[in-house]
Amino acid sequence: MKKRLFFAIPITKGLYPKIGRLEDEIEKKFKVNWIPLQNLHLTILFLGNIDINYLPKIFEIIDRAYIENKEIFRPLNLRVKKIDYGPPGKKRMIWLYIEKNERLKLIKNILEEYLQIEKIPYQKEERELLPHINLARLKNFKDLPEIKKDLNWAIILNELNLYESYLEKPFARYEILKSIKLTI
């Protein structure tokens with residue numbers, strides 16, 4: 001049996017009102033089926049469909065990565081740059097774009113390194129990490145209004161989760177399998 005897994009940082013509830021106001025502004029322009037706020041997260045590393053026999057080893061990897069790299073696995077001070085369509089150059093989703101951050105990249109690289117050391121097969125992405133929070137998937141990509149807005153929000157994220165994703169309608173459902181607090 002396999003599970004669809006990914007590492008991500010959940011957004012804090014303090015962002016919900018700000019995001020809600022952005023969604024309300026866009027709703028005045030066109031109808032959007034927004035992802036529920038409690039599902040919003042910043043994906044660090046998508047693993048893909050992983051055999052459940054690897055789960056204990058993945059749990060161990062998270063703990064070991066955290067313990068051996070505490071200077072990296074600390075709360076993340078990030079900046080939300082803008083809201084716009086995503087991925088860049090396409091209009092398939094609505095994203096909050098996060099300013100690139102060296103520690104985000106390091107966390108991803110550390111997790112990948114530990115997965116490789118333990119010979120856990122996962123869906124490796126060749127593209128560079130483009131930090132974002134997906135707010136909506138769009139069904140109609142034509143004649144969309146302009147939504148880009150610079151934000152410059154400072155946010156602090158302090159948790160890293162291993163999620164299982166269940167592809168359901170109208171939204172994917174996520175279950176936290178393992179969580180670590182990013183502490184100072």
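Read the figures in this text as sums done on the coordinates, not as results from a lab. Bear in mind the structure is a predicted one, so any value in this text is a computation, not a measurement. Cβ coordinates were reconstructed from backbone atoms using ideal geometry, including for glycine residues, and neighbour counts include every protein chain displayed.
Look at the dipole of region 99-184 built from charges on Cβ: of Ala136, Leu162, Leu111, the Cα furthest out on the positive end belongs to Ala136.
The magnitude of the dipole of the chain, with charges of +1 and -1 set on the Cβ of Lys/Arg and Asp/Glu and taken from the Cα centre, is near 560 debye.
Ranking Gly89, Tyr174, Trp153 by how far each Cα lies toward the positive end of the dipole of region 87-184 (charges on Cβ) leaves Gly89 at the top.
Over the C-alpha trace of region 18-80, radius of gyration and Dmax come out as 17.8, 48 angstrom. Note on Arg127 and Lys28: with the Förster distance fixed at 30 Å, the Cβ-Cβ geometry gives a FRET efficiency of about 0.35.
Between Glu99 and Tyr166, full extension at 0.36 nm per residue minus the direct alpha carbon distance yields a gain of 21.3 nm.
Provide the gained length on full extension for the span Ile52 to Ile156, in nm with one decimal, where the gain is 0.36 nm per separating residue minus the Cα-Cα distance.
34.2 nm
With contributions of -39500 (n - 2.57) from each DSSP H run of at least four residues, the per-residue ellipticity at 222 nm computed over the chain stands at -7500 deg cm²/dmol. Seen from a random direction on average, the alpha-carbon convex hull of the chain projects onto 10.7 square nanometres. Across region 170-184, computed HN-Hα scalar couplings (Karplus, 6.51 cos²θ - 1.76 cosθ + 1.60, θ = phi - 60°) run x, 9, 5, 10, 10, 10, 7, 8, 7, 9, 10, 7, 8, 10, 7 Hz from first to last residue, x flagging Gly and Pro.
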